[in-house]
Amino acid sequence: MAEKIKTAFLLAGGCAGCEMSVVDLSEHLVDALDSLEIVFWAPTVLDAKYSDLEAMPDKSIDLAFVDGMIRNTENLHTVKVLRDKSKVLVAFGACASMGGIAAMGDLHTKQELFQEAYKDSFSTDNPDNVYPSPEYLLDGKYNLTLPAILDHCSTLDQVVDVDYFVGGCPPNYAFVGKLVNAIIAGDLPPAGSWLTNGKAVCDVCKRNPATTNQGRFLVDEVKRTCDDRPDPEICLLQQGFMCFGPVTQGDCGGSCLNVNIPCRGCGGPIPGIKDFGARCASMLASSMADDATTQKFMDKFNNMAKLFYRYSHTTSKLNHAIAGHKEDTP
Amino acid sequence: MKKIEINPITRLEGHGKIAIFLDDSGNVDDAFFQTVEFRGYEKFLQGMPIEEVPRTVSTICGVCRGVHFTAAMKAVDQVFGVTPPPAGRKLRELFFNAHYVEDHTVVLYALGFPDFVVGPEASPAERNVVGLINAVGADVGREVLRKRGLAVKIFELLGGKPSHAVSAIPGGWSKKLSEEERKQVEAWSQELVELGELTLKIFDDVVLKNDKYMELVTGDTYKVEVGYMGSVDPQGLGTFYHGTQKVIDSDGKLIGTFEGKEYLDFIAERVKPWTYLKFPYQKKIGPWKGIVEGPGTNIFAVGPLARMNVIEGMSTPIAQKHFEKFHATFGAKPVHHILAYHWARAIEMLSAAEKCLELSRDPEITSNEIWTKPTSCTGEGVGIIEASRGTLIHHYLTDEKGIVTKANLIVSTTHNNGPINLAVKKAARHFIKNGDVSPSILNYVEMSFRPYDLCLACATHTVTGGQSPLEIEIFDKDGKLYKRLKNF
């Protein structure tokens, strides 16, 4: 039998949903384990400690996946260690590749985030005005330490060299299955690539006007999903539902659109685009029929950063400047 | 004083560590469970359209992938003052119960069972789902994973995505179920009921019939005396999607019941500087008394064991039989033995599977009426559900357009922060003696938090020989032998 591929999974600042996509391979996971040897999978699945990872020889792991973004000093340390130990490193899913949902935290200051969570929220009882602290001496004798929250979030490739990127929040298990097969077969593109079928969500959407003879029109209506229900056969964008399908990678098979809900871009930007949100804003603005439609859009979605950069704020060219200047977001 | 850290604690979702302080003779002076991460959802949800919140907050956890989505969508209904039509609600319940099955299965097999099927003192390299598959045999592993995968398929069919679903809309559900799809879901649900029965059989064979395990399950080492909270339906039976919250103290005395915004009369959360996780406590019992157990404590627990303690019975017939056996085994209520969380979880998994089957056979579920159109905005909503790990509360305020202005989330594992700390302290003091902190001893300490969050770790002995002989018989609904799986 050929030597197994030594494989690692590390959860950084994320929800472990990407790892669950691997578990969702279901019975095919058992087959994959004939070819993959899992040498590290923490904290979620294996009882491997960070010290075990540190003790491994450099480049002893063939293939490592990181899900989650870099949010605190522990994430930063562990991904650097994993990079040293691994031949190939994959940013696995929307958080590692683009920041993900929680990167919207950077639209506020760290102090604002803390104050809301530990002081101002309805059920919080904090009479002494204490906040979690990286180092605290309890009762004068117990020295307790916590990783410090970093001033801003980072994607994986902003802190270490990354060989491949995978989109999706999380990547669909069917796509993960294809990836695993490609990896086992040694069929990978040049380093630095996104692992994707290269198609946009629109290309895999069964409502695509180009394939259904619906005709293409400028958008003259703007609707939120609380306003109305769309016709299930007609392009969502053309019905006024702000769908990001044109600029999003379609490795999901257009899953949200299949249940009549607009795409929000978790799959990552189609090839050739670096700043997803900027391209998305430009795509929508340029498809609107007139100024009145644009005005409607601005009335209905008044926080555009949290719409266009829902999954990708950390890759925005503007984001660190915004984080530095932001006082509050209504 | 010498300090030992277990970092990261493993086989859970998210990041935590345990800090243990030893005195000069190498015994435990004190121990702390610390949550080491923070993301700040309460703040950054502000400014978002409320109907986009369910799919956004879902990402708080990718293991309990259906719970934040479901709590938020119930809150969103209230924000717009709408109630889903019966079929809309039933689709949501089917979706949510399918989530229960797949999530409880992951917890039991991938994260919990390894401790006692592979063994608590086994090599850490083997004590995981891969080692479990090696121990029980690839056929059993493949069958369990395949059946669990069917629950994920129901979740995906209804929710749009296999994780972080999107089908919630104010007043209903965006995906209609066709008759063809209903038949498919019914067939899958039948297999989920089989998975539930199979899991309880494994639990029975491996744990209940093992005297050493039962000594541990019913003994004092893994026992934490706190109050409990969970949802009940109008008959007092267990319910996951919607109910009234029932709160009891550590003696089992009723503290009260609440719905919606009344949660603020019952629960407050204390902040500590040494962990990012707050400590909820029962305000009705009195002001903050510290992280203490026993009579008078206002620390409380949630999750499968808590639910077993507050409900009068299960809402489905086969699970009800196991519920009765569960309480006959322990006798007195409330049950404070935390390793029983695992048994409770298996019973709930079966009950959720029965619920999926029941809903899939409901003729109304294929109705076209799955949505009530919102016509106004009330500006406030509280969604409370029984998440797989326990009571989950989402509370939102919005402006007149339904844009979020304030968010408050009390997450299941947060409720359990106090009990987990108590359990960790107790296990550390019991197992660590004279400075012996070998990896297997430290795994026993880790087992004290796993029942609450993701896992049971039921462990007094190591399975020897690498493989535990295991034979599983699966019967069809008529009681005929369908398949026999064995690893020897």
Single match in B:Ile255, B:Ile318 (criterion: modelled with pLDDT of 95 or more, touching a Phe, Trp or Tyr at 6+ places or on another chain (Cβ under 9 Å) and of a type in the set (A, V, I, L, M)):
B:Ile255
Scanning region B:1-58 for residues that are at the interface with chain A (Cβ under 7 Å from one of its Cβ atoms), of a type in the set (Asp, Glu) and closer than 27 Å to A:Leu46 by Cα gives B:Glu13, B:Asp30, B:Glu37
Restricting region A:107-133 to residues that are touching a residue at least 60 places away in the same chain (Cβ under 8 Å) and open to solvent by 10 Å² or more (accessible area, probe 1.4 Å), the one farthest from the other protein chains (Cβ to nearest Cβ) turns out to be A:Thr109
Checking B:Glu93, B:Glu143 in turn, the sole residue that is open to solvent by 10 Å² or more (accessible area, probe 1.4 Å), closer than 24 Å to A:Pro262 by Cα and part of a helix (DSSP H, G or I) turns out to be B:Glu93
Going through region A:52-74 in order, the residues found to be at pLDDT below 95 and among the β-branched types (Val, Ile, Thr) are A:Thr73
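Quick grid of which residues meet (1) of a type in the set (Phe, Trp, Tyr); (2) assigned to a loop (DSSP other than H, G, I, E, B); (3) surrounded by fewer than 24 Cβ atoms within 10 Å (Cβ to Cβ):
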position	(1), (2), (3)
B:Ser351	no, no, no
B:Pro374	no, yes, yes
B:Val382	no, no, yes
B:Ile393	no, no, no
B:Glu400	no, yes, yes
B:Thr413	no, no, no
B:Gly418	no, no, no
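Yes/no matrix, rows are residues, columns are (1) surrounded by 23 or more Cβ atoms within 10 Å (Cβ to Cβ); (2) within 22 Å of the chain's Cα centre (by Cα):
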residue: B:Gly227; (1), (2): yes, yes
residue: B:Gln245; (1), (2): yes, yes
residue: B:Thr257; (1), (2): no, yes
residue: B:Ile267; (1), (2): yes, yes
residue: B:Trp274; (1), (2): no, no
residue: B:Lys278; (1), (2): yes, yes
residue: B:Val292; (1), (2): no, no
residue: B:Pro295; (1), (2): no, no
residue: B:Val302; (1), (2): yes, yes
Options A:Glu112, A:Glu74, A:Glu135, A:Glu116: the member that is farther than 28 Å from A:His313 by Cα and acidic (Asp, Glu):
A:Glu135
Inspect region A:305-312 for any residue being more than 23 Å from A:Asn197 (Cβ to Cβ) and at pLDDT below 95 and give the result as yes or no.
yes
Region A:164-197, subset open to solvent by less than 40 Å² (accessible area, probe 1.4 Å) and in a strand (DSSP E or B), residue nearest to A:Ala2 (Cα to Cα)
A:Tyr164
Residues of region A:33-54 satisfying the condition of being open to solvent by less than 10 Å² (accessible area, probe 1.4 Å), more than 8 Å from chain B (Cβ to nearest Cβ) and under 13 Å from B:Val130 (Cα atoms):
A:Phe40
Could you list, in sequence order, the residues of region B:157-180 that are open to solvent by 40 Å² or more (accessible area, probe 1.4 Å) and free of Cβ contacts under 8 Å to residues at least 60 places away in the same chain?
B:Leu157, B:Glu180
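I'm trying to understand the selection: among the residues of region B:114-140, which are of a type in the set (D, E, K, R), under 20 Å from B:Leu216 (Cβ atoms) and in a loop (DSSP other than H, G, I, E, B)?
B:Glu121, B:Arg127
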Anything in region A:199-220 that is surrounded by fewer than 19 Cβ atoms within 10 Å (Cβ to Cβ) and in contact with a strand residue (DSSP E or B) (Cβ under 8 Å, 6 or more places away or on another chain)? List them, or say none.
A:Lys199, A:Leu218, A:Asp220
Answer yes or no: is there a residue in region B:167-189 that is β-branched (Val, Ile, Thr), more than 9 Å from chain A (Cβ to nearest Cβ), within 22 Å of the chain's Cα centre (by Cα) and assigned to a helix (DSSP H, G or I).
no
Has region B:23-32 got any residue that is more than 28 Å from B:Ala407 (Cα to Cα), of a type in the set (Phe, Trp, Tyr) and crowded, with 24+ Cβ neighbours inside 10 Å?
no
Among the residues in region B:164-180, are any on the phi > 0 side of the Ramachandran plot and touching a Cys at 6+ places or on another chain (Cβ under 8 Å)?
yes
Extreme residue, farthest from the other protein chains (Cβ to nearest Cβ), among residues of region A:288-319 that are part of a helix (DSSP H, G or I) and surrounded by fewer than 16 Cβ atoms within 10 Å (Cβ to Cβ)
A:Asp291
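The values are calculated or read from the model by the stated rules, or taken from the named source; none is laboratory data. Owing to the predicted nature of the structure, the values given are computational and were not obtained by experimental measurement. Reconstructed Cβ throughout: ideal geometry from the backbone, glycine too, with neighbour counts over all protein chains shown. The accessibility values were calculated without ligands, DNA or RNA, using every heavy atom of the protein model including side chains. Shrake-Rupley method; radii C 1.70, N 1.55, O 1.52, S 1.80 Å.
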